[in-house]
Structures are given as structure tokens and as C-alpha cells.
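Reading through the C-alpha cells given below for one structure.
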Amino acid sequence: MALWDRIKESASTMQTQLVAKKNDLKSGAFRDASMAMCALVAAADGTVDPSERQRVAQLISANEVLQNFPADDLRRRFEENLDRLTTDFDFGRVSVMQEIAKAKKKPAEARAVVQIGIVIGGADGHFDKDEQAVVREACYALGLPPHEFDL
């Protein structure tokens, strides 16, 4: 199986698992951590062009699990995290990782945050090394072993 097909299949599997847990993923900590994860994946290479920002925003609004929350609220939180990362990536990353770590207390939410990162990263069919690295780093912040997600 080609790498691109495996990435698409993995992202699809993660999304299916997320939808199955949708009713358990309604906390503010999950919301905040998810938006931080989306911003981190979008800015993984240190830059975010307008088309990438728009693509991730569309993925957020279309994601069935994230529809537990008002779209305007999600967009605002995503943009705030993205602004932190684009202003000063290294300093912003510390702040964004703190947001992600909010989900650590509930293992199901922590796993769902990582899965959202993988879904967002693999949505274009290319889960690149930078995206994998930031999701792996988020696993550590959440107390989860990266190998559980093939990272």
C-alpha cells in the first residue's frame, strides 16, 4: 500500500474513532486542546500561508466531533493559537503545548486531541515530518506514548 493511501486510511480510521466518542468529548479542556493542536499542526513548519489557514479552518468547521462547540468560538480559539505561533514560534509553542496539556486529566480526551492532530495533518494526504514531530511532542505533553499512534 502506498504511503499516501496509508495516511488517508489512518486519518479516516482516526476520524471514525472520534465520531464514536463524540458524546464524551464536550469539555472545555478538550475544546481548548483541540484548537491548540489544530494550530500547532497548521504551523508545524514555522509558517502558515493564508490558504493553509483557510483549509484548516474549514476542516475544523466540517469535523463532526468539533460540532459539539460553536463554530465562531472554535475559529477564535484556533486563530488566537495560530497568532501565538506565527508571532514567535518557539515561545508560542510553549503556550500552545500548555493548552494541549489541559486534556491530560482525561485519557479519552487526550487520545482524541492526538487523533484530531493526525486527522488535520493527514487531511491533505501528506502527514509530513514537521507535522508528525509536533503531534509526537503533544503526545508527551499529554502523557501518551507516541507509538500508540504510529508516531
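The values are calculated or read from the model by the stated rules, or taken from the named source; none is laboratory data. All figures in this text were calculated on a predicted structure; none of them were measured in a lab. FYI the Cβ positions are ideal-geometry reconstructions off the backbone, even for glycines, and counts take in every protein chain you see. Note: areas computed on protein heavy atoms with side chains; ligands, DNA, RNA excluded. Shrake-Rupley method; radii C 1.70, N 1.55, O 1.52, S 1.80 Å.
Which whole-number value in Å² is the accessible area per residue of region 74-151, probe 1.4 Å?
Values: 3790 Å² over 78 residues.
Solvent-accessible surface per residue comes out at 49 Å².
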Exercise for the section: Evaluate the distance, in nm, between pseudo-label points positioned 7 Å from the Cα of ASP49 and of ASP124 along their respective Cα→Cβ axes. Expected result: 0.8
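Once neighbouring chains are kept in place and the probe is 1.4 Å, which whole percent of the accessible area of region 31-106 is contributed by carbon and sulfur? Walk me through the numbers before you get to the answer.
Values: 1810 of 3740 Å².
Ligands and nucleic acids excluded, carbon and sulfur reach 48 percent.
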Handout entry: Residues HIS147 and GLU80, FRET efficiency given R0 of 30 Å [Cβ-Cβ distance, rounded to 0.05]
Key = 0.45
